[in-house]
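A quick write-up on the structure given underneath.
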Amino acid sequence: MTKPLPPLFREKMIDLLGENEFEQFLTSYEDPRSFGLRVNTGKVDRDEFASQSPFHLEAVTWAAEGFYYEEGERPGKHPYYHAGLYYIQEPSAMAPVELLQVKPGERVLDLCAAPGGKSTQIAAKLQGEGVLVVNDIHSDRVKALVKNLELLGVRNAVVLNDKPERMLNVFGGYFDKILIDAPCSGEGMFRKEEEMMGQWERHSVQEFAAMQRELLAQAAVMLAPGGRIVYSTCTFSPEENEAQIAEFLDKHSDFAVVPIEGFAPGRPDWLREPWCDSNAYSSKAKAAVAGTARLWPHRLRGEGHYVAVLGKGAGTGASANASDVAADFVAAAEKRGGRPAPRGKGRAVAAPSTGVSLEPLEAFSGELLRSEPFALGRLVCYGEHAYASPAGLPELHGLKVVRPGWYIGALHRGRFEPSHALAMGLRLREAKRALSLASSDERALRYLKGETLEVAESEILRDPQETQAAKGYCLVCIDDHPVGWGKWLDGMLKNEYPPGWRWT
Ligand SMILES: C[S@@+](CC[C@H](N)C(=O)[O-])C[C@H]1O[C@@H](n2cnc3c(N)ncnc32)[C@H](O)[C@@H]1O
């Protein structure tokens, strides 16, 4: 690290850890950082990838699909990155989703999702089944979220860009699992991103604590009985960690901490002055936070994280039920001058368009696809854009919807233009017309750079059952993994790889 730690942060950590452990903690800032990637098991088998990987991989013990790679290797500069076979992710950041224990078919919310590291991890766990709703309040960050979901070929995600309080009436009691990867003071990121230190000085821990308190209460409203919330931060301060959980438990008697094993425990003893008000929490809640977890950079190979798992009992506890709490939020929003849209009313940002003929899409699908992979969801059109919305999704009236599902393509003047997201979400076996280039073929890189390629007709893979021409759209793959579209005609492949995605 080139910069010194902020003096106030240093003093606080000495007070919390004590001189001896603080020395070990401080030494970790001189250690080399760990580099991680997570295999996208939505596209490729973990062991198959590990055995054929061009990188030197070592398993991350707490994440089934996580690996360390070596410093100097550049997984972001490989065709497999463009095929969405993995996501580059700091190893300790892989823990929260593991602890969420997502199963295929569940309804999952990632409330603070951008840029999508954990959303794509959840998506891989869902294996295309169930509903994934991802949200982030900052529209500029949502762009990266959408891109990462597309890159990793996620088919069942709905992307929102809204205030969580506006989601409560639509999603009250809807989700089986909710991840709150909360905005925080980022103390655990000082080694990885030194500029976070400057931000720490500007933003107060208390400011983040207030946001986190709201997010936890809002998530509680949207969770189904028997469901699970995972709350995580990448900071050390007890105000943003144990204090949030203890306060939440005292206000929500139908929730309990599900103890986490395998990491250092949460610190009930840090719920004290001068950081926290030691009288503010019940002794039961204080004791419970020992079951939460702290990932320390001096105790494992990763940066700093905090994780708590909260289970919602199916019982009729003394705490307010979902609709009572939702009503509280409506009242609070009214006081602040805003009101969440009532269920089933209000204006959708883009209303599903009527009267758009789906014929060109059906023709494309008949010509190019072996089955209709999007037929499982509900095909909806917003303007000229067609999406496959996951089945079982409530009406999203009044919410700021960025993607109501998997973006299939545009219906434009009687023609259908397939989206890049469609190509990335398909498998080679689902396409009736494709080109699969070996990663060692120099044309693979030229395709990713946006160049037109010379491709012989015999290289276009076609359905042996069909007598279909080679001419037209084909799914371009690298080592059999889709990377985009091309249009073949007379020995040339016109490149449809989007400019913003190109290899530079
Ligand atoms: C720690 S980051 C999330 C990182 C992400 N989970 C990942 O793994 O890539 C926290 C995010 O919360 C978002 N955020 C801040 N306040 C929010 C709020 N009130 N509601 C929803 N998102 C919020 C920020 O824009 C930021 O993207």
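Select, from L422, L396, L411, the only residue that is part of a loop (DSSP other than H, G, I, E, B), of a type outside the set (S, T, Y) and under 30 Å from N135 (Cα atoms).
Going through L422, L396, L411 in turn, the sole match is L396.
In the range 446-483, which residues are surrounded by 15 or more Cβ atoms within 10 Å (Cβ to Cβ), in a loop (DSSP other than H, G, I, E, B) and over 34 Å from the mean Cα position of the chain (by Cα)?
Of everything in the range 446-483, those that are surrounded by 15 or more Cβ atoms within 10 Å (Cβ to Cβ), in a loop (DSSP other than H, G, I, E, B) and over 34 Å from the mean Cα position of the chain (by Cα) turn out to be V455, I460, A470.
Given the criterion in contact with a strand residue (DSSP E or B) (Cβ under 7 Å, 6 or more places away or on another chain) and under 25 Å from P499 (Cα atoms), identify the matching residue among A83, A63.
The unique qualifying residue is A83.
Given (1) of a type in the set (A, V, I, L, M); (2) assigned to a helix (DSSP H, G or I); (3) within 16 Å of the ligand (Cβ to nearest atom), where does L17 come up short, assuming only one miss?
Every condition holds for L17 apart from (3).
Hey, which of the helices (runs of 4 or more DSSP H) in the range 119-231, taking only ones fully inside, have at least 3 residues that are under 30 Å from D31 (Cα atoms), more than 9 Å from the ligand (Cβ to nearest atom) and in contact (Cβ under 8 Å) with a residue 40 or more places away in the chain?
195-202
Does W503 meet the test of being of a type outside the set (S, T, Y) and part of a loop (DSSP other than H, G, I, E, B)?
So W503 passes the test.
Let's see how each residue does on (1) within 23 Å of I122 (Cα to Cα); (2) in contact with a Ser or Thr (Cβ under 7 Å, 6 or more places away or on another chain); (3) crowded, with 17+ Cβ neighbours inside 10 Å:
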{"residue": "C234", "(1), (2), (3)": "yes, no, yes"}
{"residue": "E242", "(1), (2), (3)": "no, yes, yes"}
{"residue": "D254", "(1), (2), (3)": "no, yes, yes"}
{"residue": "A264", "(1), (2), (3)": "no, no, no"}
{"residue": "D269", "(1), (2), (3)": "no, no, no"}
{"residue": "A285", "(1), (2), (3)": "no, no, yes"}
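Inspect the range 461-480 for any residue being under 23 Å from R415 (Cα atoms) and in contact with a Cys (Cβ under 7 Å, 6 or more places away or on another chain) and give the result as yes or no.
Checked the range 461-480: no residue is under 23 Å from R415 (Cα atoms) and in contact with a Cys (Cβ under 7 Å, 6 or more places away or on another chain).
Restricting to the range 101-118, name every residue that is away from the ligand (no atom under 16 Å from the Cβ) and more than 19 Å from A64 (Cβ to Cβ).
Listed by number, the list holds a single entry, R107.
Take the conditions within 28 Å of V133 (Cα to Cα) and buried (at least 20 other Cβ atoms within 10 Å of the Cβ) and apply them to A210. Does it pass?
no
Read the figures in this text as sums done on the coordinates, not as results from a lab. Computed from a predicted structure; not experimentally measured. Cβ coordinates were reconstructed from backbone atoms using ideal geometry, including for glycine residues, and neighbour counts include every protein chain displayed.
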